[in-house]
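What follows is calculated from the coordinates using simple rules that are stated; it is not laboratory data. None of the values given here were measured: they were computed from a predicted structure. Cβ coordinates were reconstructed from backbone atoms using ideal geometry, including for glycine residues, and neighbour counts include every protein chain displayed.
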Amino acid sequence: MTQAFEPGEAVRVAGINPPGHRRTPFYIRGKQGVIERFCGEFANPEELGYGFDGLPKKRLYRVRFRQIDLWPDYDGNIADTVDVDVYEHWLSRSIPTAGIGVMRR
Amino acid sequence: MSEQHDHTDQHDHDHGTHRHPPAQPDDTSPPGHYEVMIMAMRDLLIEQGILTADQIRRGLETLDSWQPSRGAEIVVRAWTDPAFKQRLLADGNEAVADFGIDTGGAKLTVLENTATLQNVVVCTLCSCYPRAVLGLPPDWYRSKNYRARVVKEPRKVLSEFGTELPDDMVVRVHDSLADLRYLVIPRRPAGTEHWSKDELAAIVTRDCMVGVANPRADLKPT
């Protein structure tokens, strides 16, 4: 299933831990963020890593996460963020919930 | 000194009759797993006729020739040419082509610091770095310490670099993991209005373009 996300849209990163070469860091898995921008389509590094051609290409997004949603004890500015490059197949639409730190696991 | 002599001098391990320059000339300790893998890959590429030793040497020479001064030149142009800055922010690859820089397959994404925003770049998985504009990454950028901590406590890490940020400034960390490479345009400090381009470039250091430091007018070269 393909999805196209728009900037500003709330998304959640799959909370899964598959084996193999993955470019989605653990600290954002299962977390909610917001699409910052669409970056284009690129060969899938999870396939390239094993000598395959990485096709079809995957859509890549920059997803912005609030620090407080990633690290519940974060004590810096509430507006501090981490922007991470995430491939579309790791993302699903997320219904935003009001409040701070709502996506803690 | 012959290559053979050089070789036996530098290595006390035995891996057949292969000859190659040492990865780290002054390191006489036995090579680690990845060092052996690199040597094996290099030898195989040459044996299979895919690359010659000279091509590999020239590749390394080219990589080493890329210096942060390339990035500084780009930043100074952005500081002094608003139209260029807009192009740079819109499409980094297209804009740096003005300087004869080929960013390869990676997409150069340029981030602008402001009075209220500090951008910081990391690659938590490995050491993705905008080599085409900054050259090879410094050791600290590749360290687990920096990679693990800057996404979690960026203000503390920056303060360890001597960069104290006011509480009301927003810190935006960029984890460079895929096909994007990030270059930070730091803020031009006050008091530099009449500086020459060379003077400006001298304070736009590598660390400023990674976002862990900021240019300072008091560091003007004398």
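Things worth noting here:
- Semi-axes of the equivalent ellipsoid for the protein assembly as shown, computed as √(5λ) from the eigenvalues of its C-alpha gyration tensor and ordered from largest down, come to 35, 28, 20 Å.
- Residue among B:Arg87, B:Arg206, B:Arg58 with the largest mean-square fluctuation in a Gaussian network model of chain B, springs linking Cα atoms under 10 Å: B:Arg58
- Sequence of B:Val170, B:Val133 once ranked by neighbouring C-beta atoms within 10 Å, starting from the fewest: B:Val170, B:Val133
- Listed as lacking a disulfide-compatible partner in chain B: B:Cys126, B:Cys208, by the criterion of no other cysteine Cβ under 4.7 Å.
- Acute angle (nearest 10 degrees) that the helix B:53-65 long axis makes with the longest principal axis of chain B, alpha-carbon atoms: 20
- Evaluated at q = 0.25 Å⁻¹, a Debye calculation over the C-alpha positions of chain A (equal weights, vacuum) places log10 I(q)/I(0) at -1.44.
- Whole-number D in µm²/s for the range B:129-222 (Stokes-Einstein; Kirkwood sum over Cα pairs; 10 °C, 1.306 mPa s): 109
- Within a Gaussian network of chain A (alpha carbon springs, distance under 10 Å), most fluctuating of A:Gly40, A:Gly15, A:Gly51: A:Gly51
- At most 10 other Cβ within 10 Å, DSSP loop - GluC sites (Glu not before Pro), the range B:110-194: B:Glu164, B:Glu193
- Projected label distance in nm at A:Asp53 and B:Lys197, using a 7 Å step from Cα toward the beta-carbon: 4.4
- Comparing B:Gly49, B:Gly104, B:Gly162 in a Gaussian network model of chain B (Cα springs below 10 Å), the most mobile by mean-square fluctuation is B:Gly49.
- Split chain A at each of the chymotrypsin sites (Phe, Trp or Tyr not before Pro) in a DSSP loop with at most 13 other beta carbon atoms within 10 Å, and the longest piece is A:53-105.
- Axis angle, to the nearest 10 degrees, between helix B:68-80 and the longest C-alpha principal axis of chain B: 20 degrees.
- Estimated purely from DSSP H runs of n ≥ 4, each contributing -39500 (n - 2.57), the mean residue ellipticity at 222 nm for chain A is -1000 deg cm²/dmol once divided by its residues.
- Unit Cα scatterers, Debye sum, chain B: log10 I(q)/I(0) for q = 0.11, 0.13, 0.17, 0.19 Å⁻¹: -0.67, -0.86, -1.19, -1.37
- Semi-axes of the equivalent ellipsoid for the range B:68-162, Cα gyration tensor, largest first, Å: 25, 17, 11
- Inter-label distance, B:Phe84 to B:Arg149: 3.7 nm, where each label sits 7 Å from its Cα along the C-beta direction.
- Centre separation in Å (Cα based) which lies between the range A:8-87 and the range B:165-199: 23
- Amide H contacts under 5 Å for A:Cys39, placed H, 5+ residues apart: A:Leu60, A:Tyr61, A:Arg62
- Space enclosed by the convex hull of the alpha-carbon atoms of the range A:21-72, per residue, Å³: 73
- Exceedance of the 24 Å cut-off in Cα-Cα distance is limited, within the set B:Lys107/B:Lys197; A:Lys31/B:Lys152; B:Lys85/B:Lys152; B:Lys156/B:Lys197; A:Lys58/B:Lys85, to B:Lys107/B:Lys197; B:Lys85/B:Lys152; B:Lys156/B:Lys197; A:Lys58/B:Lys85.
- Note that the range B:111-125 has calculated 3J(HN,Hα) couplings of 10, 10, 6, 10, 5, 10, 9, 10, 9, 9, 10, 8, 10, 6, 8 Hz, one per residue in order, obtained from phi through the Karplus relation 6.51 cos²θ - 1.76 cosθ + 1.60 (θ = phi - 60°); glycine and proline are x.
- Rounded to 10°, Cα long-axis angle of helix B:33-47 versus longest principal axis of chain B: 70
- Positive-end residue, the protein assembly as shown charge dipole about Cα centroid, Cβ charges, pick of A:Val86, B:Leu219, A:Phe5: A:Phe5
- Taking the Cα centre of chain B as origin and assigning +1 to Lys and Arg Cβ atoms and -1 to Asp and Glu Cβ atoms, the resulting dipole is close to 920 debye.
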